[in-house]
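Data first, discussion second: the structure below is written as structure tokens.
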Amino acid sequence: MSENQTHSQTSSVERSPEPSYLLVVDFGASGTKALFTEGQTVKLLFMSPEVADIPSSSIQMFESDNFNSGSDAPENRAWCGVGETYRAVGFLAENRFRAAAPLNVPKFELAFFKILCLLWVVSEKFRLPTSFSIDVSLLLPPSEYSDRFELERILRIALPDFNSPSGKMSVELGAFDCKPEGAGVLLYLQGRPKLRLNNRTSTLIMIGYRNASLISTRNGSVLHKVSSDLGMNYMIDAIRNNVSIYVSLSVLLSVLVKAGPDVERERLLPLLGASNFIASRDNQLDRLQTVISSARNEYLRSLFSWINPLIPADNDLMIFCGGTARYLDSELMDFASRKNSEFLQSDFIKVPVKIDSIGLKERLTDVYCYFSVVFRKKWKRNEKS
């Protein structure tokens, strides 16, 4: 099933003494991942990352033309309106309004509209009333972490009265929490005594499609929390600037992963152009292999140049997370070894299959860990009340 289509799945978690709503969200450039809980169950939501700025007249036209709204998944027709401002999000933004994933807009600005749409999707999928209260927890890049106060402020203003495909909605924002990307994994691991994170110096590096984020700690205290634009998109741009690519981004990423660190030539066949009028297939493959190898090396040099000065001198553990980190794992392992640090990949954190029903794997780790930490605290608060 396509990532542009969306999914939900249910899994049992620790018993909560009374039903309550919680939404935990990670706004990745490859897709918005959210975990929603009502009482004892967890539901996974995935929406593609696009956001489209549209006039209200376009919304009215879409709704009047959409004869299939009764059976169409809510995630595929999500939009929201605040005052005179309207946004389509996810599948609708990409397919009806031809929006692209905006990599140069701060995540917290896009997060505002994505949260409104997610709350409508949740109410539709799980048959909530159009008026309800909910706790919300979010992950933002470290460089945008200070924007959490403004994001909370505008959410509390907008949520009691906003437009949705179902009409007016009124949502009360209960507890609001926000952490920098990577903090979900870090907080989760701090609860694992064998790692002794509160008694050592460690660096966690989250590498996704848009950003690379770094958090270093000493004896549990944060030393650095920073982010850069050195996600996988850096390497993709380097490839596209030097060779013509005629396939979608999702196909290109899949081919790169399968080709691996050695850029296996035969794995590049899906990237060939349909015509061999100008260059033979062998020449095309040679060119692709050369460009991709060069782009990978350039990307790694830039990434390590950014990471190097941020690693504490007494660092003895490096934790790497995110889909791009998995793609670069052999080089990252060598890098940690050169830094005399223990190497840890996030894949040792097992997200239950019943939750990760669509195979998001490393891309789900941070939000799953963050959800686990927030849910545990919420459960303890409910126990005491």
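Once R0 is set to 22 Å, what does the formula 1/(1 + (r/R0)^6) return for the Cβ-Cβ distance between Leu187 and Glu342, expressed as a FRET efficiency to the nearest 0.05?
Values: r = 19 Å, r/R0 = 0.87.
Taking R0 as 22 Å, the efficiency between Leu187 and Glu342 is 0.70.
Extension gain for Phe149 to Ser330 (0.36 nm times residue separation, less C-alpha to C-alpha distance): 61.3 nm. Under a Gaussian network description of the chain, with springs only between Cα atoms under 10 Å, the residue in Ile207, Ile311, Ile54 that fluctuates furthest is Ile54.
Only four residue types carry charge here, +1 at the Cβ of Lys and Arg and -1 at the Cβ of Asp and Glu. Report the dipole size of region 197-347 about the Cα centre in Debye, rounded to the nearest 20. Each step should come with its number before you reach the end.
Details: 15 positive and 15 negative charges, 53 e Å.
Here the size comes out at about 260 debye.
Between Val251 and Ala73, the simple spin-label model (points 7 angstrom out along Cα→Cβ) gives 2.2 nm. Out of all Cα-Cα pairs in the chain, roughly what percent, to the nearest whole number, are more than 41 Å apart? Percentage above 41 Å: 16.
What is the dipole size for the chain, taken about its Cα centre, with +1 at each Lys and Arg Cβ and -1 at each Asp and Glu Cβ, in debye to the nearest 20? Can you show the working numbers first?
On the way: 44 positive and 43 negative charges, 196 e Å.
I would put it at about 940 debye.
Comparing Asp366, Asp53, Asp282 in a Gaussian network model of the chain (Cα springs below 10 Å), the most mobile by mean-square fluctuation is Asp282. If you take every DSSP beta bridge fully contained in the chain, what fraction is antiparallel? Give it as a percent rounded to 5. Counting only bridges with both partners in the chain, antiparallel ones make up about 65 percent. Taking the Cα centre of region 209-284 as origin and assigning +1 to Lys and Arg Cβ atoms and -1 to Asp and Glu Cβ atoms, the resulting dipole is close to 260 debye. When the Cα gyration tensor is reduced to axis lengths a ≥ b ≥ c, the ratio a/c is 1.5 or higher for region 214-354, and with a/b above b/c it is classed as prolate.
Comparing Ser56, Pro141, Gly167 along the charge dipole axis of region 51-185, the residue lying farthest to the positive side is Gly167, per the Cβ-charge model.
Given the options Tyr145, Tyr86, Tyr246, state which has the largest fluctuation in a GNM of the chain using a 10 Å cut-off (strictly under) for Cα springs. Maximum fluctuation in the GNM of the chain, among the listed residues, is at Tyr246. Per-residue Cβ neighbour counts within 10 Å put Ser302, Ser250 in the sequence Ser250, Ser302, beginning with the fewest. Through the Karplus equation 6.51 cos²θ - 1.76 cosθ + 1.60, θ set to phi - 60°, convert the phi angles of region 124-141 into ³J(HN,Hα) values in whole Hz; use x for Gly and Pro. With the stated coefficients, region 124-141 comes to 6, 5, 10, 6, 7, x, 6, 10, 7, 10, 7, 8, 10, 10, 10, 10, 10, x Hz.
Each label was represented as a point 7 Å from its Cα along the Cα-to-Cβ direction; for Arg127 and Asp286 these points are 6.5 nm apart.
Restrict the search to region 238-312; then list the GluC sites (Glu not before Pro) that DSSP places in a loop and that have at most 13 other Cβ atoms within 10 Å of their Cβ. Don't skip to the answer; put the middle values down first.
Values: sites: Glu264, Glu266, Glu298; in loops: Glu264.
Here the GluC sites (Glu not before Pro) that fit, given the DSSP loop and packing criteria, are Glu264.
Can you give me the Cα centroid spacing of region 133-209 and region 322-355 in angstrom? So the two Cα centres are separated by 23 Å. Here each label is just a point 7 Å from Cα along the line to Cβ, and for Arg265 and Glu63 those points are 5.9 nm apart.
Bear in mind that the values in this text are calculations on the coordinates, not laboratory data. Since the structure is predicted, the reported quantities are computational estimates derived from the model, not experimental observations. In this analysis, Cβ positions are derived from the backbone assuming ideal geometry, glycine residues included, and neighbour counts consider all displayed protein chains.
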